[in-house]
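Below is one structure, written out as structure tokens, with a few remarks after it.
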Amino acid sequence: VGTCQAKDRELTLAVSTEEPAPSIAENIRELFDERGLQFSIQAMSDPGEILLAVRERRIDLAIVEEPDSPVPGLVTLVSLYPSVLHVLYKRDQRVDDFPDLIRGASVYAGPKGGVSHRLLMQLAEDFRVPQEQFSVLENPWTQTPDVYFIFGGLLDGDSVERLAGYQLYSFAQEGDVDGGSVADAIVLRHSYLKKFLLPGSVYYSLAEEAIMTLSIRSVLIAHEQFDEDLAMEIASRLFNGAREIAQGYSLVTRELNTSIDASALNFPLHSGTRRFLDRDKPGFIERNVDVLALSLTVLAAILSGLLAWYRNRQQLKKDRFDAYYQRLLEIRQHYDTALDSTELRGQRQAVLDLQQEVLGLLVDERIAADNNLTAFLSLSNQVLNEINASISS
């Protein structure tokens with residue numbers, strides 16, 4: 001389904017039913033209208049079903065809260081915004097720490113298996129609160145929760161008003177040293193989480209002072225086989241249109257930017273997004289110009305040395321042949337003064353010995369059979385013919 005839709009420039013985009021995902025999806029749809037790419041938005045209440053639908057390619061893209069571990073076959077196109085954990089408890093409840101917060105309480109943590117629910121179970125285990133000591137509600141309507149434990153966007157005015165009987169729980173206490181709060185300990189244990197500070201002025205009726213809580217990334221995901229060129233186009237438009245999307249939800253600019261840390265993502269970054277992020281990076285030659293320049297200098301020096309060695313070797317060969325030429329010319333100059341055939345035969349043997357010595361160099365010292373050798377043999381054979389003629393006469 002996803003492949004056909006991509007070719008037709010029509011994509012299905014799945015989102016949860018909770019804000020701000022639906023509003024951001026609508027902003028994305030509007031952003032791409034002018035670029036000829038159509039999005040069909042599909043709301044789904046079950047986070048697990050959304051992931052499965054993308055894996056099976058029944059859905060092209062989805063906006064999801066990043067889970068605590070990777071899901072095979074899924075990749076990130078962009079990180080869109082932080083989902084903030086809101087932990088609220090009834091005002092008449094005394095709470096000194098996290099175990100106090102949930103022990104004996106009814107807690108609503110979103111759909112079972114969702115990110116909020118999974119984190120609640122993880123923290124209960126971390127703080128050694130047995131599951132039988134608290135209850136987890138399926139929904140917040142049939143029974144009023146003692147505690148809300150929910151990831152999502154910033155609360156709007158209506159939500160704050162409905163929660164008037166609650167107050168926000170902070171994962172940091174007054175007097176905590178920097179890096180020494182409960183929030184820091186949780187982030188250290190669960191690396192997919194980040195600390196998130198809610199200023200006291202954000203929700204006047206829910207907190208009198210700043211609240212330290214947690215956040216996770218909400219990301220736009222696709223199947224790992226999603227078209228690379230299309231992924232690059234989508235990433236480019238989203239990064240460049242971040243401010244337009246942020247007009248509907250201000251936290252978008254905290255995540256939707258090109259400084260994304262790919263190593264921190266639980267869903268690997270799509271290759272198309274990497275292409276966009278790396279578009280302005282210098283190429284191989286630009287990155288290694290100094291090394292290449294040094295290498296060329298060294299190579300030039302080596303070649304120069306080899307050339308000098310070759311020329312010296314050739315000169316040594318020439319000098320050696322010059323010596324043989326000189327000896328051959330001396331024989332030629334003196335054989336005609338020989339008094340008898342015995343002396344002439346001695347001169348002939350001297351030439352033959354000289355030829356044998358030169359030919360031996362071909363084997364022993366691997367002297368090349370070049371023009372020098374050819375000229376020497378030609379001259380020596382000429383001298384032999386002259387001596388033989390003298391002997392015959």
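The values are calculated or read from the model by the stated rules, or taken from the named source; none is laboratory data. None of the values given here were measured: they were computed from a predicted structure. All Cβ positions, glycine included, derive from the backbone under ideal geometry; neighbour counts span all protein chains shown. Ligands, DNA and RNA are stripped out before the accessible areas are found, and what is left, the full protein with its side chains, is counted by its heavy atoms. Shrake-Rupley method; radii C 1.70, N 1.55, O 1.52, S 1.80 Å.
Key figures
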read-out: Check on Ala262, in contact with a strand residue (DSSP E or B) (Cβ under 9 Å, 6 or more places away or on another chain), open to solvent by less than 40 Å² (accessible area, probe 1.4 Å) and farther than 20 Å from Ala25 by Cβ; value: yes
read-out: Matching helices (runs of 4 or more DSSP H) fully within the stretch 1-88 where at least 2 residues are under 14 Å from Val115 (Cα atoms), at pLDDT below 90 and of a type outside the set (D, E, K, R); value: 47-55
read-out: Residue count for the stretch 245-267, restricted to those that are within 12 Å of Ser23 (Cα to Cα) and touching an Asp or Glu at 6+ places or on another chain (Cβ under 9 Å); value: 2
read-out: Only listed residue being of a type in the set (S, T, N, Q), open to solvent by 60 Å² or more (accessible area, probe 1.4 Å) and within 30 Å of Val78 (Cα to Cα), chosen from Ser191, Ser218; value: Ser191
read-out: Failed criterion for Asp229 (all others in (1) surrounded by 14 or more Cβ atoms within 10 Å (Cβ to Cβ); (2) of a type in the set (Asp, Glu); (3) out of contact with any Ser or Thr (no Cβ under 7 Å at 6 or more places or on another chain) hold); value: (1)
read-out: Elements of type helices (runs of 4 or more DSSP H) contained in the stretch 96-206, each with 1 or more residues being over 30 Å from Ala262 (Cβ atoms) and of a type in the set (S, T, N, Q); value: 157-162
read-out: Selection from the stretch 39-56 of residues that are surrounded by fewer than 15 Cβ atoms within 10 Å (Cβ to Cβ) and in contact with a strand residue (DSSP E or B) (Cβ under 8 Å, 6 or more places away or on another chain); value: Ser40, Ala43
read-out: Residue check for Asp156: open to solvent by 60 Å² or more (accessible area, probe 1.4 Å) and in contact (Cβ under 8 Å) with a residue 40 or more places away in the chain; value: yes
read-out: Considering residues of the stretch 58-89 that are touching a strand residue (DSSP E or B) at 6+ places or on another chain (Cβ under 6 Å) and among the charged types (D, E, K, R) only, the residue surrounded by the most Cβ atoms within 10 Å (Cβ to Cβ); value: Asp60
read-out: 3 or more residues at pLDDT below 80 and either under 37 Å from the mean Cα position of the chain (by Cα) or loosely packed, with under 13 Cβ neighbours inside 10 Å (or both): qualifying helices (runs of 4 or more DSSP H) within the stretch 269-388; value: 284-287, 289-334, 341-364
read-out: Any hit, the stretch 118-138, residues being touching a Gly at 6+ places or on another chain (Cβ under 7 Å) and without any contact (Cβ under 8 Å) to a residue 40 or more places away in the chain; value: yes
read-out: Of the criteria (1) more than 22 Å from the chain's Cα centre (by Cα); (2) under 20 Å from Glu18 (Cβ atoms); (3) open to solvent by 10 Å² or more (accessible area, probe 1.4 Å), which one Arg94 fails; value: (2)
read-out: Residue count for the stretch 68-108, restricted to those that are in contact (Cβ under 8 Å) with a residue 24 or more places away in the chain and more than 11 Å from Asp146 (Cα to Cα); value: 22
